[in-house]
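The values are calculated or read from the model by the stated rules, or taken from the named source; none is laboratory data. All of these numbers come straight from a predicted model, not from anything done at the bench. Note that we place each Cβ from the backbone using ideal geometry, even for glycine, and neighbour counts take in every protein chain shown. Just the protein is used for accessible areas: all its heavy atoms, side chains included, with ligands, DNA and RNA removed. Shrake-Rupley method; radii C 1.70, N 1.55, O 1.52, S 1.80 Å.
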Amino acid sequence: GVFYEVVQSFPRVEENVEVDSYVSSHRWRRHTESLKSVDTNRASMGQDSLEPGGFTDLLLEEGHDNTTQIEEDTDHNYYTSRTYGPYDSTSRDLWVNIDQMEKDKVKIHGILSNTHRQAARVNLSFDFPFYGHFLREITVATGGFIYTGEVVHRMLTATQYIAPLMANFDPSVSRNSTVRYFDNGTALVVQWDHVHLQDNYNLGSFTFQATLLNDGRIIFGYKEIPVAVTQISSTNHPVKVGLSDAFVVVHRIQQIPNVRRRTIYEYHRVELQMSKITNLSAVEMIPLPTCLQFTSCGPCVTAQIGFNCSWCSKLQRCSSGFDRHRQDWVDSGCPEESKDKICDKNIDTTETPLYSTTTLLPTTTRFRVLTTTRGSTTSHLPTSLPTEDDTKIALHLKDNGASTDDSAAEKKGGTLHAGLIVGILVLVLIVAAAILVTVYMYHHPTSAASLFFIERRPSRWPAMKFRRGSGHPAYAEVEPVGEKEGFIVSEQC
């Protein structure tokens, strides 16, 4: 990657950040037999139809058949992409003509429109779901992409991006170059207008946009692509088209107290075919169901969405183990939970997920899963901790009744109750005996037990004088006469 300067440093830019990417040997494959066709909704941005006025200055090349060109849907595990060719009317429908939008909602970023390798934070007016996570802030970069990470650092091109066309664009080389964005409450459109490549200005200007909708769909629209994307040099800047997400791991540096190093691990990437990116083309990416959508154990462990979803009782979260909350998942011991998909209560397998998602036709799979090499993660992640309650539930589910282990547990419980009662009775007897001995010693001070305790009392006693006439031959009333060594004892005593 290359370094970018972030215009708005809130949250502050992390300098001590490392970005690591590892290709996982495990590839998920969705249950394509359950996928159905879908009637996709177009990103009309609140309008019934958009006039293709923005395309009037672009002429289609002669000699091509003006027929519909729709590429086959491609399943990327988290998203399904559909590419529309320049002769498909859908490409025009998916393009958002910002010039026809409300002027007060269209913003031209002055800094990004006049600088190179700069990025700025932009707040969203709605929750945008990205890889199952809801975002309210993004970072728009001059290089033709949007950074979606929560930890803002300088190497924005590495991962966690939405890239309609990431390249070494420099809006400062032309006065006509602008970076604009538009937010109407349900969608955000970011458009790079007439931008040029910094290291090859003569190739011409590029105009393209990315639309983020509140239902999670992402649309790339291309109005002006002067050359084939495959011919753009990646020597000075990465060239990417697609999506990426990662999780952040915080490492403590023992040699330096109170200093932590953040490492970003890319766990998934969507790579679109650059050869399909041409004038008037468009790409629509529809989010697929993820484990994060489930909010209870039952629907989580019984989900059939292509992921091995596990429920973590400590976090009260459903996950496949690979998302932005990966560190919390590991630190809470969720990977070590039992592989048996058993919840605290009996699972109602007829329960349907609360989250309704769109399914698509079976397609070919082409994706790359990137994950950290730290820790051994298998294709079947553990689900719950092996507790005594879980064991009892599992036993009740077998043989349509209680097993011999259940009977033994009941016998053990009865013995425990009997022992507790006997212990309480013994304690009551001991307390009663102590009370009786105390009363006896009080009324018989000359007994062997009384003299035994009297002989072991401290040697420093307050001086007493005795009065006769107590009515008892061996008892005398006393009253203090002062602090003296020893005792004053009457002849009678």
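Before we move on, is residue 277 over 28 Å from residue 127 (Cα atoms), surrounded by 16 or more Cβ atoms within 10 Å (Cβ to Cβ) and not basic (Lys, Arg)?
yes
Could you check the range 268-310 and list, in sequence order, the residues that are of a type in the set (Gly, Ala, Ser) and closer than 17 Å to residue 324 by Cα? Break it down into steps so the answer makes sense when it comes.
Step one: of the range 268-310, the residues of a type in the set (Gly, Ala, Ser) are 275, 281-282, 296, 298, 303, 306, 310.
Listed by number, the list holds a single entry, 310.
Inspect the range 128-136 for any residue being open to solvent by 20 Å² or more (accessible area, probe 1.4 Å) and either among the aromatic types (Phe, Trp, Tyr) or outside the structural domain of residue 248 (by the TED database) (or both) and give the result as yes or no. Lay out the reasoning, then the answer.
Going residue by residue through the range 128-136, those that are open to solvent by 20 Å² or more (accessible area, probe 1.4 Å) are 129, 132, 134, 136.
From what's left, either among the aromatic types (Phe, Trp, Tyr) or outside the structural domain of residue 248 (by the TED database) (or both): 134.
Checking the range 128-136: at least one residue is open to solvent by 20 Å² or more (accessible area, probe 1.4 Å) and either among the aromatic types (Phe, Trp, Tyr) or outside the structural domain of residue 248 (by the TED database) (or both).
Residues checked against (1) out of contact with any helix residue (DSSP H, G or I) (no Cβ under 7 Å at 6 or more places or on another chain); (2) not assigned by the TED database to the domain that holds residue 193:
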site	(1), (2)
219	no, no
231	yes, no
249	no, no
261	yes, no
266	yes, no
276	yes, no
281	no, no
297	yes, yes
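Of the residues that make up the range 166-181, is at least one within 25 Å of the chain's Cα centre (by Cα) and more than 20 Å from residue 283 (Cβ to Cβ)?
Here is the first cut: in the range 166-181, the residues within 25 Å of the chain's Cα centre (by Cα) are none.
No: the range 166-181 contains no residue that is within 25 Å of the chain's Cα centre (by Cα) and more than 20 Å from residue 283 (Cβ to Cβ).
Name the residue that is nearest to residue 228 (Cα to Cα), counting only residues in the range 184-218 that are open to solvent by 30 Å² or more (accessible area, probe 1.4 Å) and over 26 Å from the mean Cα position of the chain (by Cα).
Across the range 184-218, the extreme among qualifying residues is 203.
Which of the residues belonging to the range 249-280 are outside any strand (DSSP E or B) and more than 18 Å from residue 163 (Cα to Cα)? Can you show your working first?
Pass one, the range 249-280, residues outside any strand (DSSP E or B): 253-259, 272-280.
Selection gives 253, 254, 255, 256, 257, 258, 259.
Can we say residue 327 is at positive phi and polar (S, T, N, Q)? Break it down into steps so the answer makes sense when it comes.
Details: at positive phi: no; polar (S, T, N, Q): yes.
When the stated conditions are applied, residue 327 does not pass them.
So, of the residues in the range 112-127 that are assigned to a loop (DSSP other than H, G, I, E, B) and in contact with a Pro (Cβ under 9 Å, 6 or more places away or on another chain), which turns out to be most open to solvent (accessible area, probe 1.4 Å)?
Step one: filter the range 112-127 for residues assigned to a loop (DSSP other than H, G, I, E, B), giving 115-117.
Add one more test, that the residue is in contact with a Pro (Cβ under 9 Å, 6 or more places away or on another chain), and what stays is 115-116.
On the way: 115: 34, 116: 52 Å².
The extreme case among them is 116.
Looking only at strands (runs of 3 or more DSSP E) that lie completely in the range 132-203, which have at least 1 residues being farther than 27 Å from residue 264 by Cβ and of a type outside the set (A, V, I, L, M, F, W, C)?
Working: elements: 133-141, 145-147, 161-166, 178-183, 187-195.
The strands (runs of 3 or more DSSP E) meeting that bar are 178-183, 187-195.
Yes or no: the range 92-111 includes at least one residue that is within 30 Å of residue 159 (Cα to Cα), buried (at least 18 other Cβ atoms within 10 Å of the Cβ), modelled with pLDDT of 95 or more and touching a Pro at 6+ places or on another chain (Cβ under 6 Å).
No: zero hits.
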